[in-house]
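Novice: Dropping the structure in here first, questions after.
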Amino acid sequence: MTEEDQPHILVVDDDTRLRELLRKYLAGNGFLVATAKDAAEARAKLAGLAFDLLVLDIMMPGETGLELTESLRRERDLPILLLTARGEPDDRIAGLEAGADDYLAKPFNPRELLLRINSILRRQASRPADPAPPQPVKLGPMIYLPDRDELRAGEEVVRLTTAEAGLLRVLATAPGTIFSREELTERSKVAGNARTIDVQVTRLRRKIEPDPREPRYLHTVRGEGYVLRPDP
């Protein structure tokens, strides 16, 4: 495994001896390891380097591990494993509520720490990638904003009926894709049949097309359905 492939772990603990033992043990098991003696030093390293996981002691002078966990959860999606000398259920719950992925009470077997780290990293790797945010759809002087479900002409919101908005929402999810009338009926929740879709498409064209009789954006594909082809 090259350095580029090795998971990068930041160990944060005010106990110098334990910090060094963890660094050597994890490095000997295939990890790149950096250390910090407190939250302030951890923040400095997090600002300059990318880490795959944070092993964090709860009881530290200054900003505690719980406080750092809560703060980091508002800023980034970094897996966190908390270490603490306090192993009561309420303490574990407090750590998980703060946003930790796992919790290990001291003293612990280093092999258990290694197993928990690997388990967290496997879960992280198996998570589906976040879908790309929907992109605005340009229709000449107008723009459709999928995240707001709005059609705008400059600063003004163009009023759409529920049926028109439903059709545009579906068509805009995949510009260039041909949707059959049946698909549009089902996905847009427009009540009616294929003829109803034709009527609603005609009405929508009146609002998005420069010349509804010669559609530039919302095209009919004979025998197949409709497709939205916006400006690039």
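The values are calculated or read from the model by the stated rules, or taken from the named source; none is laboratory data. Worth saying up front: this structure is predicted, and the values here are computed from it rather than measured. Positions of Cβ are generated from backbone atoms using ideal geometry, with glycine treated the same way; all protein chains shown enter the neighbour counts. Accessible surface is based on the protein model in full, side chains and every heavy atom, while ligands, DNA and RNA are left aside. Shrake-Rupley method; radii C 1.70, N 1.55, O 1.52, S 1.80 Å.
Novice: Just to be sure before I move on: is Leu81 part of a helix (DSSP H, G or I), within 22 Å of Arg123 (Cβ to Cβ) and open to solvent by less than 50 Å² (accessible area, probe 1.4 Å) in the structure I sent?
Specialist: Answer is no for this residue.
Novice: Oh, and also: Consider Ser126 against the criteria (1) touching a residue at least 12 places away in the same chain (Cβ under 8 Å); (2) open to solvent by 60 Å² or more (accessible area, probe 1.4 Å): it satisfies all of them except one. Which criterion is unmet?
Specialist: It fails just one condition, (1).
Novice: Checking the conditions here, which among Arg169, Arg123, Arg111 is under 16 Å from Leu53 (Cβ atoms), part of a helix (DSSP H, G or I) and not small (Gly, Ala, Ser)?
Specialist: Arg123
Novice: Step by step: first the residues of region 210-224, then only those that are without any contact (Cβ under 8 Å) to a residue 40 or more places away in the chain and in a loop (DSSP other than H, G, I, E, B), then the one that is nearest to the chain's Cα centre (by Cα). Which residue is that?
Specialist: Among those that are without any contact (Cβ under 8 Å) to a residue 40 or more places away in the chain and in a loop (DSSP other than H, G, I, E, B), it is Pro215.
Novice: Moving on. Mind checking which residues of region 48-57 are loosely packed, with under 15 Cβ neighbours inside 10 Å and either among the hydroxyl-bearing types (Ser, Thr, Tyr) or not in a loop (DSSP other than H, G, I, E, B) (or both)?
Specialist: Passing the criteria: only Gly48.
Novice: Quick one: which residue in Val170, Val201, Val157, Val137 is touching a strand residue (DSSP E or B) at 6+ places or on another chain (Cβ under 7 Å), over 19 Å from Arg229 (Cβ atoms) and either of a type in the set (A, V, I, L, M, F, W, C) or open to solvent by 70 Å² or more (accessible area, probe 1.4 Å) (or both)?
Specialist: The match here is Val157.
Novice: While we're here: Look through region 58-68, keep the residues that are within 22 Å of Arg123 (Cβ to Cβ) and not small (Gly, Ala, Ser), and return whichever of them is surrounded by the fewest Cβ atoms within 10 Å (Cβ to Cβ).
Specialist: So, considering only residues that are within 22 Å of Arg123 (Cβ to Cβ) and not small (Gly, Ala, Ser), the one surrounded by the fewest Cβ atoms within 10 Å (Cβ to Cβ) is Leu66.
Novice: If we keep just the residues of region 1-47 that are among the small types (Gly, Ala, Ser) and open to solvent by 60 Å² or more (accessible area, probe 1.4 Å), which is farthest from Ala105 (Cα to Cα)?
Specialist: My answer is Ala47.
Novice: Considering (1) touching a strand residue (DSSP E or B) at 6+ places or on another chain (Cβ under 7 Å); (2) crowded, with 17+ Cβ neighbours inside 10 Å; (3) more than 30 Å from Asp77 (Cβ to Cβ), say which one Gly176 fails and leave the rest.
Specialist: It is condition (2) that Gly176 fails.
Novice: Moving to a separate point now. I'd like to check something: does region 85-103 contain any residue that is open to solvent by less than 50 Å² (accessible area, probe 1.4 Å), at positive phi and either assigned to a helix (DSSP H, G or I) or at pLDDT 80 or above (or both)?
Specialist: Yes, region 85-103 contains at least one residue that is open to solvent by less than 50 Å² (accessible area, probe 1.4 Å), at positive phi and either assigned to a helix (DSSP H, G or I) or at pLDDT 80 or above (or both).
Novice: Checking Ser188 against (1) modelled with pLDDT of 90 or more; (2) crowded, with 17+ Cβ neighbours inside 10 Å; (3) polar (S, T, N, Q), which single condition isn't satisfied?
Specialist: If we test Ser188 against (1) modelled with pLDDT of 90 or more; (2) crowded, with 17+ Cβ neighbours inside 10 Å; (3) polar (S, T, N, Q), just (1) comes out false.
Novice: So Pro146 passes all but one of these: (1) within 22 Å of the chain's Cα centre (by Cα); (2) surrounded by 14 or more Cβ atoms within 10 Å (Cβ to Cβ); (3) more than 30 Å from Pro232 (Cβ to Cβ). Which condition number does it fail?
Specialist: Result: Pro146 passes all but (3).
Novice: Here is a list of conditions, (1) modelled with pLDDT of 90 or more; (2) aliphatic (A, V, I, L, M); (3) not in a helix (DSSP H, G or I), and Met1 meets all of them except one; can you say which number that is?
Specialist: (1)
Novice: What number goes with the only condition from (1) farther than 23 Å from Pro7 by Cβ; (2) not in a helix (DSSP H, G or I) that Glu75 does not pass?
Specialist: (1)
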